Amino acid sequence: MAVRGVWLTNVASKVLRSRERIQRAMHLLAESGFNTVYPVVWNKGWTLYKSAEMQRQFGAEYGIDPLYGSRDPLQEMLEAASAVGLSVIPWFEYGFACSADLSGGHILSHKPQWGGLDQAGHLLVNRSGHPLVWMNAFDPEVQNFLISLICEVLQYPVAGFQGDDRLPATPFNGGYDAATITQFTAQYAQAPPRLSHRLGWIKRPDQPPSHPAWIQWRDFRAAKLTDFLARLRSTVKAINPDLLLSMAPNLSPWALDYYLQDVQSWMKGGLVDTLHPQIYRADFSSYARELDKLVQQYPSQLDRIFPGIVIKAGSTENDATQLQRAIDYNRKNGIQGEVYFFFEGLRQNNGEIASFLKAYYARDVHRSIDARE
């Protein structure tokens, strides 16, 4: 099925603040030709659904983001989406990150042993983008915790779940916990390399090296994340083989170099059902270049690829004309859908984008019907 989706956030959006807002949003999506919504359910160390696992790990007061009180936004979302024929794939936005608070927030205050570490033994913070503190993605307890959260969500009538550039992922400067160092040393008979200006490996602290020893360390850790994804897939499919594993990573090779996401291995291993690479570009030529790379990387898997396109994110913004060029280029290359970041962009300028997509997707559906006939 062609995916026509949109991400729904709890940041810069008030949709999740009430049942009525959720209902209005689902009606807008259905009227605009969408068939899938990706609501955030894991953000800043909180769930946006009622979580027994969070209560078990941290206490009764941690069962849901306190902003939502006794409500369950995910349940309300599912009811509203079902009423208008939309599929819901909950989005675990924070993944292995746990807090924008550089102390680690409430998760690491309760579970300090879960913290990821950099080479200096400090809490792991990503060196690019918005700084977040990360849990140790290689720790079996942390991995099991994330799997437990995902399994809770899969007890709802959802179509699957989604990871992104933080699940499964970890920043390139992480992995220096004792267990991971020991495993690497046992396999390669040497300690992991360290980021060092003295060795001439790096020009800036926010860029990963390209030295062969570093690439070996990168690939060792990336393989562990791929193993985690394989285990997660087996767990999910045991619950229901029809559930989708949806992944929205950044673009390769950046995703591998910076966040140890070996997306090409994921796809080669059949670990992902739908892939939504984040082609967040504000000009068509840049978008087209990245899409061309995807077509080259996955020529036989284009039916599973539905790129992420930005409507508005920070200073990056696309209007209807730019979106049309991008979508047309998708279709020209055999890609039959896309996912947009993020919902609030549909309502800008008196709903300009929503109106455009409504008309475009109506034509898209008719073309598909005509082609089948």
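The values are calculated or read from the model by the stated rules, or taken from the named source; none is laboratory data. None of the values given here were measured: they were computed from a predicted structure. We place every Cβ from the backbone using ideal geometry, glycine too, and count neighbours over all the protein chains shown.
Checked against the criterion of being in contact with a strand residue (DSSP E or B) (Cβ under 7 Å, 6 or more places away or on another chain) and modelled with pLDDT under 95, the candidates P90, P131, P171 yield just one match: P131.
For the range 175-273, give me every one of the helices (runs of 4 or more DSSP H) that falls completely inside it and has 2 or more residues that are of a type in the set (D, E). Reasoning before the result, please.
Details: elements: 178-188, 212-239, 254-259, 263-268.
So the answer is 212-239.
Table: residues versus (1) more than 18 Å from the chain's Cα centre (by Cα); (2) more than 19 Å from R363 (Cβ to Cβ).
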| position | (1), (2) |
| --- | --- |
| L294 | no, yes |
| F306 | no, no |
| I309 | no, no |
| T316 | yes, yes |
| R325 | yes, no |
| K332 | yes, no |
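The residue of the range 283-313 that is surrounded by the most Cβ atoms within 10 Å (Cβ to Cβ), among those that are within 10 Å of I335 (Cα to Cα) and of a type in the set (D, E, K, R), is R304. The number of residues in the range 4-40 being of a type in the set (A, V, I, L, M, F, W, C) and either within 16 Å of the chain's Cα centre (by Cα) or surrounded by fewer than 16 Cβ atoms within 10 Å (Cβ to Cβ) (or both) comes to 7.
In the range 275-287 there is no residue matching the filter, namely being more than 30 Å from G174 (Cβ to Cβ), outside any strand (DSSP E or B), of a type in the set (S, T, N, Q) and modelled with pLDDT under 95.
Evaluated against (1) within 20 Å of S252 (Cα to Cα); (2) part of a helix (DSSP H, G or I); (3) hydroxyl-bearing (S, T, Y), T321 falls short on exactly one condition, (1). When K224 is tested against (1) of a type in the set (K, R); (2) at pLDDT 95 or above; (3) more than 19 Å from the chain's Cα centre (by Cα), exactly one condition is not met: (3). Taking the criterion of being of a type in the set (A, V, I, L, M) and in contact with a strand residue (DSSP E or B) (Cβ under 7 Å, 6 or more places away or on another chain), the residues of the range 36-64 that qualify are V37, V40, V41, L48, M54, I64. When V310, V272 are screened for being under 25 Å from W91 (Cα atoms), in contact (Cβ under 8 Å) with a residue 24 or more places away in the chain and touching an Asp or Glu at 6+ places or on another chain (Cβ under 9 Å), only V310 passes.
Could you pull out the residue among Y329, Y280 that is surrounded by 14 or more Cβ atoms within 10 Å (Cβ to Cβ), among the hydroxyl-bearing types (S, T, Y) and in contact with a strand residue (DSSP E or B) (Cβ under 9 Å, 6 or more places away or on another chain)? Even if it seems obvious, please write down each step before you answer.
Working: Y329 fails: in contact with a strand residue (DSSP E or B) (Cβ under 9 Å, 6 or more places away or on another chain).
None of the other options fit; the residue is Y280.
Contact annotation: residue pairs with Cβ atoms under 7 Å, 6 or more positions apart or on different chains, pairing a residue in the range 82-100 that is within 16 Å of K111 (Cβ to Cβ) and free of Cβ contacts under 8 Å to residues at least 60 places away in the same chain with a partner that is of a type in the set (G, A, S) and assigned to a loop (DSSP other than H, G, I, E, B), are C98/G45; C98/G104; S99/G45. With respect to L251, is the statement that it is within 19 Å of E93 (Cα to Cα) and of a type in the set (A, V, I, L, M, F, W, C) true? Taking the combined requirement at face value, the residue satisfies it.
For the range 100-122, the set of residues classified as at pLDDT below 95 and either within 30 Å of M26 (Cα to Cα) or among the hydroxyl-bearing types (S, T, Y) (or both) consists of A100, S103, listed by residue number.
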